[in-house]
1. I need a count of the residues in segment 1-41 that are assigned to a helix (DSSP H, G or I), at pLDDT below 90, surrounded by 14 or more Cβ atoms within 10 Å (Cβ to Cβ) and over 17 Å from the mean Cα position of the chain (by Cα).
2. Hey, can you tell me all the residues within segment 54-70 that are surrounded by 15 or more Cβ atoms within 10 Å (Cβ to Cβ) and either without any contact (Cβ under 8 Å) to a residue 24 or more places away in the chain or under 12 Å from ASP260 (Cβ atoms) (or both)?
3. Name the single residue, out of those in segment 228-258 being in contact (Cβ under 8 Å) with a residue 12 or more places away in the chain and among the basic types (Lys, Arg), that is nearest to ILE10 (Cα to Cα).
4. Here is a list: ALA250, ALA234, ALA239. Which entry is hydrophobic (A, V, I, L, M, F, W, C), crowded, with 21+ Cβ neighbours inside 10 Å, over 30 Å from THR18 (Cβ atoms) and at pLDDT 95 or above?
5. Residues that are in contact with a Pro (Cβ under 6 Å, 6 or more places away or on another chain) and over 21 Å from ASP72 (Cα atoms): does segment 244-258 have at least one?
6. Among the residues of segment 95-127, which ones are basic (Lys, Arg) and out of contact with any strand residue (DSSP E or B) (no Cβ under 8 Å at 6 or more places or on another chain)?
7. Within segment 169-190, restricting attention to residues that are hydrophobic (A, V, I, L, M, F, W, C) and buried (at least 18 other Cβ atoms within 10 Å of the Cβ), which residue is nearest to LEU287 (Cα to Cα)?
8. Can you tell me which of ASP273, ASP260 is outside any loop (DSSP other than H, G, I, E, B), surrounded by fewer than 16 Cβ atoms within 10 Å (Cβ to Cβ), modelled with pLDDT of 95 or more and out of contact with any helix residue (DSSP H, G or I) (no Cβ under 6 Å at 6 or more places or on another chain)?
Amino acid sequence: MPMPRDVRAIDLQMNVPTSEHNKEGYDLFRPVLRDRESLDDYVMPAQHLFKAPPTLGTDESRYIEAMVAEMDKHSIEFGFIGVSDSFRHFDKVKGAYADRFILSTQIDPNKGVDELRRVRRFHADHGIRGVTCFPAGTFPQVAINAKEMYPFYAQCCELALPIFINVGVPGPRLPLATQKVELIDEVCWYFPELKFVMRHGAEPWVDLAVKLMLKYPNLYYSTSAFAPKHYPKAIIDYANTRGADKIMYAGYFPAGLTLDRIFRELADVPFKDEVWPKFLRGNAARLFGLPS
């Protein structure tokens, strides 16, 4: 059951910060925050959960090199990162490091048709391989099964893009109603072609998340934003039984966790031998059509 050291992992949750602590990157959901501590004191909006967020330093021009160095240290071949119109590192992630990153873009469903056009443009111009959404962080908040989301689900089906969505109680101090796991049921039923990947835990409805994965072949779970020692037992048990093809590794570097900590704790996760290669790489590779 020990973690193999010869698997070149795919990390499904990495981010390139906009500054040392990425405050600009959190502007999207700043209008939803109300408490003064989150607005004025925190360097990241879930700081009560991540006491000492990592930093890549103050030299933004070296962020990509710093991330790749950490990836190499821990045998990560690909990092799944988000890009936007304000992303300042296209020259590197599409140039010298094009073989190290898989690109996605985060959607704001409140922008409607203009956002659909942007996603199509990013697919054509930047080769994005996925779409992400943080329902509790939208403003106004948009639920997983809201009418505003349906055009984006249809677009993902059309472009063969998986969608990664935060589910469960959000880390930042935001209302949770938009991220209840039960809302996924309707979406996976209506869009059987859609590859839907749960992010950020699904707590406290992990048992329901497992039930839905048993029900829908197009529903998956990634371990993003959780230190491995806190992986839900239901997820480990599911991976070790009927869910070996459904559970995928995702970290949280550098938003909240170091790769040093993640991989140190991964060594103690009790996955079966045959689960590890699928968890670290195989399932994500299949999702993106990459060699496993």
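The values are calculated or read from the model by the stated rules, or taken from the named source; none is laboratory data. Keep in mind it's a predicted model, so treat the numbers as computed, not measured. Backbone-built Cβ (ideal geometry, glycine too); neighbour counts: all protein chains shown.
1. 2
2. PRO54, ALA66, GLU70
3. Of everything passing the filter in segment 228-258, LYS246 is nearest to ILE10 (Cα to Cα).
4. Testing whether each residue is hydrophobic (A, V, I, L, M, F, W, C), crowded, with 21+ Cβ neighbours inside 10 Å, over 30 Å from THR18 (Cβ atoms) and at pLDDT 95 or above leaves just ALA239.
5. Within segment 244-258, not a single residue is in contact with a Pro (Cβ under 6 Å, 6 or more places away or on another chain) and over 21 Å from ASP72 (Cα atoms).
6. Within segment 95-127, the subset basic (Lys, Arg) is 100, 111, 117-118, 120-121.
The answer is LYS111, ARG117, ARG120, ARG121.
7. This residue is CYS188.
8. Details: ASP273 fails: outside any loop (DSSP other than H, G, I, E, B).
Answer to the check: ASP260.
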